[in-house]
Amino acid sequence: MKKIGQELNTIKLNNSVEERLAELNIALPEVPLAIGNFELGVKHNGMIFLSGQGPLLEDGTLATGIVGKDVSVEEAYHHARRTGLVLISSMKQKLGDLGKVERNDKILGMVNAERNFHAHPKVINGCSDLFCEVFGDIGRHARSAVGMGSLPGGITVEIEAIIAVNEQKD
């Protein structure tokens, strides 16, 4: 797992988020459809509240299993990173331009874990590290990482986010 630190300051401020994604060779996945009577994201008063998303893998399937039993911390870290990509896709869908992201304020990461599992933060670091790599310093956020007895469809992680936006930005 990659450590994020001072190197964030080396991201050029004039680089767009789209350019940063290209530099990192990251392709955003399609945003899945809502599976119920809710919005995938709500924009209100300069904020976007993104609904929880799951780990959409490269082959289009969702990662399932219980972390600490069927799934290793390293695999679940990758799943959290993939979930972060879906969240970034949701941001882009809501805003049209990722350059309007002013700050990633907060994420709530939920891990489908066995009862005695204690490494929830290491798993959710997959999403946190991605946000910092892609957005630089504005990707740093407040965060909660918690364990759950189960998650919808048996997915390994679910993550939701609160994003501050600047609608005036061109």
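The values are calculated or read from the model by the stated rules, or taken from the named source; none is laboratory data. These figures come from a predicted structure and were not determined experimentally. Please note: Cβ atoms are built from the backbone with ideal geometry, for glycine as well, and neighbour counts cover all protein chains shown. Each accessible area value is taken on the protein alone, full model and side chains, heavy atoms only, with ligands, DNA and RNA left out. Shrake-Rupley method; radii C 1.70, N 1.55, O 1.52, S 1.80 Å.
Sort out which residues of segment 148-165 are among the small types (Gly, Ala, Ser) and open to solvent by 40 Å² or more (accessible area, probe 1.4 Å), and write them in order of number.
Gly149, Ser150, Gly153 - these are the residues of segment 148-165 that are among the small types (Gly, Ala, Ser) and open to solvent by 40 Å² or more (accessible area, probe 1.4 Å).
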Checklist entry - For segment 130-147, what are the residues that are under 12 Å from the mean Cα position of the chain (by Cα) and within 17 Å of Gln53 (Cα to Cα)? => result Leu130, Phe131, Arg143
Next on the checklist: Based on this model, can you work out whether Gly65 counts as under 11 Å from Val157 (Cα atoms), within 15 Å of the chain's Cα centre (by Cα) and small (Gly, Ala, Ser)?
Outcome noted: no
Checklist outcome for this item: Flagged in segment 32-59 as free of Cβ contacts under 8 Å to residues at least 24 places away in the same chain and not charged (D, E, K, R), in numbering order, are Leu33, Ala34, Gly36, Asn37, Phe38, Val42, His44, Asn45
Next on the checklist: So Ile35 ticks every box in (1) assigned to a helix (DSSP H, G or I); (2) at pLDDT below 95; (3) of a type in the set (Val, Ile, Thr) but one. Which box is left unticked?
Outcome noted: (1)
Item to check | Number of the exception - Ile124 against (1) in contact with a strand residue (DSSP E or B) (Cβ under 9 Å, 6 or more places away or on another chain); (2) of a type outside the set (Gly, Ala, Ser); (3) surrounded by fewer than 21 Cβ atoms within 10 Å (Cβ to Cβ) | outcome: (3)
Item to check | Residues being modelled with pLDDT of 95 or more, among the polar types (S, T, N, Q) and under 18 Å from Ala161 (Cα atoms) - total across segment 50-108 | outcome: 6
Item to check | Residue count, segment 133-147 (criterion: of a type outside the set (Val, Ile, Thr) and open to solvent by less than 10 Å² (accessible area, probe 1.4 Å)) | outcome: 2
Checklist entry - Any residue in segment 92-106 that is in contact with a His (Cβ under 6 Å, 6 or more places away or on another chain) and among the polar types (S, T, N, Q)? => result yes
